[in-house]
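Here is the structure we will look at.
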Amino acid sequence: MNKKQGLRIICLMLSLILLIGVLPATALAVEPAGKFILVVEAGGELVVAPEYITYTEGQTIGDALINSGHTFTGIEQGQVTAVDDVTGNFTRSDQNGGYDLTTPAASVTHYCFSERASSESKPNDGIMLLMTAMADYLIKDTDVQKAAKAEYDAAKEYFVGCNSDDARTLAYDLNTAVAEYEAALGGTHHTISFTDGSKIYSVSNYPGVTIKAENPYGKSWTDDGDGNIDLPVGNYSFCVEQTGLRVEGTIAVSAAASVTVQLPSEPWLKLDTFRLSGSYGADDNTETRFVDGEFEVGQWEDRHTNVAVEDLFTGA
């Protein structure tokens, strides 16, 4: 190799490095090309409840399953004998009745492993509706899942052996529970104001105050400092807190309203006798076990104080 060729190669390598450096991270990552729904049942129970399996461009069904996070014993040989270490006499089928694992994943919407006879392994319309409802449920936010948990649990309990009509009913119930909760969240909001009876709990009136409301499913709302929270119709627990003092309660929201609560006025510490110590001391040293490492406590102001602690390691 002559000197000019070597320089050209180095320049090309440097150009490639610079080009890679300016590419966005998403351009370097392999993005999913699509997804299908997988379900696995064996021994009369769900081994894998319906969930979405993603695949990349050009992958087969087998490729997608191998990369799904589940284990499929024997899949490389084309005959699955166990899924997630649960053995079964599995038959398999996609929505069209196909079972070849080398089929492009892009051709699949639903894929079932079961112990049904080969002639019955193809998912019917009702089962596919239920699979979709259950897979959709699993990608919802946590509060949505809690709101529809009873319907999802029923779908899991009755999935195996379910006929098409019953599957449609279970899917309808689950979809309805999710839709009604989401509709309530996106529906009319009402302004709830929190006051002490004369002043609103805003940061201008109560420096450092925070107000939080939470529905029964764990979704929370926080005020932006003005003492007001816009909430959908429903029931909530709330907490008003300021520098260590707090008051809690519950409210039912059906219209705009004002909630009057009183923060505790008495401090929960006896500030005139409050003491801190960093002493370790000996267990039998009852006289100096506290005082030999006592810190000097500063003046209290609005339930705050400063304590100087030396940056030294002392003790047993």
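The values are calculated or read from the model by the stated rules, or taken from the named source; none is laboratory data. Since the model is a prediction, treat every value here as computed from it, not as a measurement. Reconstructed Cβ throughout: ideal geometry from the backbone, glycine too, with neighbour counts over all protein chains shown. Please note that ligands, DNA and RNA were not included when accessible areas were found on the heavy atoms of the full protein model with its side chains. Shrake-Rupley method; radii C 1.70, N 1.55, O 1.52, S 1.80 Å.
Numbers for the structure displayed
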{"item": "Unmet criterion (only one of (1) touching a residue at least 60 places away in the same chain (Cβ under 8 Å); (2) closer than 14 Å to SER193 by Cα) for CYS239", "result": "(1)"}
{"item": "Residues of segment 291-316 satisfying the condition of being at pLDDT below 80, part of a strand (DSSP E or B) and touching a Ser or Thr at 6+ places or on another chain (Cβ under 9 Å)", "result": "HIS304"}
{"item": "Within segment 132-165, tally of residues that are open to solvent by 10 Å² or more (accessible area, probe 1.4 Å), outside any helix (DSSP H, G or I) and not β-branched (Val, Ile, Thr)", "result": "5"}
{"item": "Sole residue being of a type outside the set (Phe, Trp, Tyr), out of contact with any Phe, Trp or Tyr (no Cβ under 9 Å at 6 or more places or on another chain), at pLDDT 95 or above and open to solvent by less than 30 Å² (accessible area, probe 1.4 Å), chosen from GLY234, GLY218, GLY227, GLY249", "result": "GLY234"}
{"item": "Condition met for GLY197 (under 28 Å from ALA255 (Cβ atoms), open to solvent by less than 70 Å² (accessible area, probe 1.4 Å), more than 18 Å from the chain's Cα centre (by Cα) and touching a residue at least 60 places away in the same chain (Cβ under 8 Å))", "result": "yes"}
{"item": "Extreme residue, modelled with the lowest pLDDT, among residues of segment 237-246 that are surrounded by fewer than 17 Cβ atoms within 10 Å (Cβ to Cβ) and among the polar types (S, T, N, Q)", "result": "THR243"}
{"item": "Flag if THR91 is β-branched (Val, Ile, Thr) and touching a Gly at 6+ places or on another chain (Cβ under 9 Å)", "result": "no"}
{"item": "Every residue from segment 112-131 that is modelled with pLDDT of 95 or more, part of a helix (DSSP H, G or I) and either open to solvent by 70 Å² or more (accessible area, probe 1.4 Å) or out of contact with any helix residue (DSSP H, G or I) (no Cβ under 7 Å at 6 or more places or on another chain) (or both)", "result": "ASP125, MET128, LEU129, MET131"}
{"item": "Test: ASP63 is open to solvent by 20 Å² or more (accessible area, probe 1.4 Å), modelled with pLDDT of 95 or more and at positive phi", "result": "no"}
{"item": "Some residue of segment 22-44 being modelled with pLDDT under 70, of a type in the set (Val, Ile, Thr), assigned to a helix (DSSP H, G or I) and more than 33 Å from the chain's Cα centre (by Cα)", "result": "no"}
